[in-house]
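The block underneath contains the structure these notes are about, expressed in structure tokens.
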Amino acid sequence: MFDEPVIEISTKEVVTITPDTTVGTAIGIMEKNRFHNLVVQGGDALNLVTIQDLLLASHSDSHVDEFMFRPHAIHHKTPIIDAIVELIDSGQRAAPVIDNGGALAGIVTEYDIMARGADSRLLKEAEVRRIMDRDPMCVQKTDSIGKARSIMTKNNIGRVLVVDELQNLVGIVTSMDILKKVYKPKRRMTAGEFKGEKITRMEQPVTVIMNAPVITAEIDASLADVAKLLQQHDIRGVPIVKDHVPRGLITILDIMRYLRM
């Protein structure tokens, strides 16, 4: 299952941008294609910009060259199992796939790898409690969008859980929610929504942009169950709950790390 070359699970028709692409345009491309990473091509150089990088932007007219970085690239003939190791060791969630000449041949993401292993016996036989993050980052439903953004950037995570005064799970806020609804609003906000400058938007409660109801799994679910939820709903993380209270979190990266073991 993981002996095939990584190019077999890679996206070969890669959507790329240039260093002078604006943050707003990059966010639009990510939102339209449900991407979390974009390859930046300029001359002979290959760079990468991630959704987490764009959270650091203070203005949508900034250029992505302020946030892009030179990524680790994976050779197209590398076995998938070795690509897992390379991706995890690099700290990246995606990597350009290059041919013998160093040219771009595709891109592989943690989602591609998780999808390949979703039906494996390894995941079917493991319970989520074995690898889940038992202390997921949470915010109160009265906390601000700015606080959620600060937690994400400080901890390099893509989501925070939203809980009420009884610590029941009531929503989830992701990086994309902040980017597309705060930095790139699609329409003029009404008085009951966002109003004024970005700092005012950041002071709005997370309930304005959170996703609810939340896709969750029970604490006795298998990793295969969670992998299927991630695929079916095209999401990157699933909260693990017991009696409506979040007990943990499983992300695609957690599953990929488990497959590496």
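None of the figures in this text is laboratory data; all of them are computed from the coordinates on show. These numbers were taken from a predicted model, which means no experiment stands behind them. All Cβ positions, even for glycine, are placed from backbone atoms using ideal geometry, and neighbour counts span all protein chains on display.
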Problem - Under Karplus coefficients 6.51, -1.76 and 1.60, residue-wise ³J(HN,Hα) of segment 57-62 in Hz, glycine/proline x - result: 5, 9, 8, 5, 8, 4
Handout entry: Table column - 3J(HN,Hα) (Hz), segment 133-144, Karplus curve with 6.51, -1.76, 1.60, x for Gly and Pro
Key = 6, 7, 9, x, 5, 10, 10, 6, 5, 8, 5, 7
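So how do 121, 93 line up by other beta-carbon neighbours within 10 Å, fewest first?
Neighbour counts put them in this order, fewest first: 121, 93.
Tell me, what is a quarter of the convex hull surface for the C-alpha atoms of segment 6-117, in nm² with one decimal? Show your work: numbers first, answer last.
Details: hull surface 26.5 nm².
If I average the Cα hull's projected area over directions, I get 6.6 nm².
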Practice task
Mind checking which of 175, 249, 221 is farthest towards the positive end of segment 124-252's charge dipole, using Cβ charges of +1 (Lys, Arg) and -1 (Asp, Glu) about the Cα centre?
Solution key: 175
Handout entry: Convex hull of the chain built on C-alpha atoms - directionally averaged projected area, nm²
Key = 13.9
Exercise for the section: Enumerate the calculated ³J(HN,Hα) couplings along segment 7-19 in order (Karplus 6.51 cos²θ - 1.76 cosθ + 1.60, θ = phi - 60°), each rounded to whole Hz, writing x wherever the residue is Gly or Pro. Expected result: 4, 5, 10, 7, 7, 8, 8, 7, 7, 10, 10, 10, x
Problem - Cα centroid separation, segment 21-47 to segment 59-108 (Å) - result: 13
Problem - Check: the chain dipole with +1 on Lys, Arg Cβ and -1 on Asp, Glu Cβ, in debye - result: 740
Completion exercise
For segment 6-117, the dipole about the Cα centre with charges only on Cβ (Lys and Arg +1, Asp and Glu -1), to the nearest 20 debye, works out at 260
Exercise for the section: Taking the Cα centre of segment 124-252 as origin, sum charge times position over the Cβ atoms of Lys and Arg (+1) and Asp and Glu (-1), and report the length of that vector in debye to the nearest 20. Expected result: 740
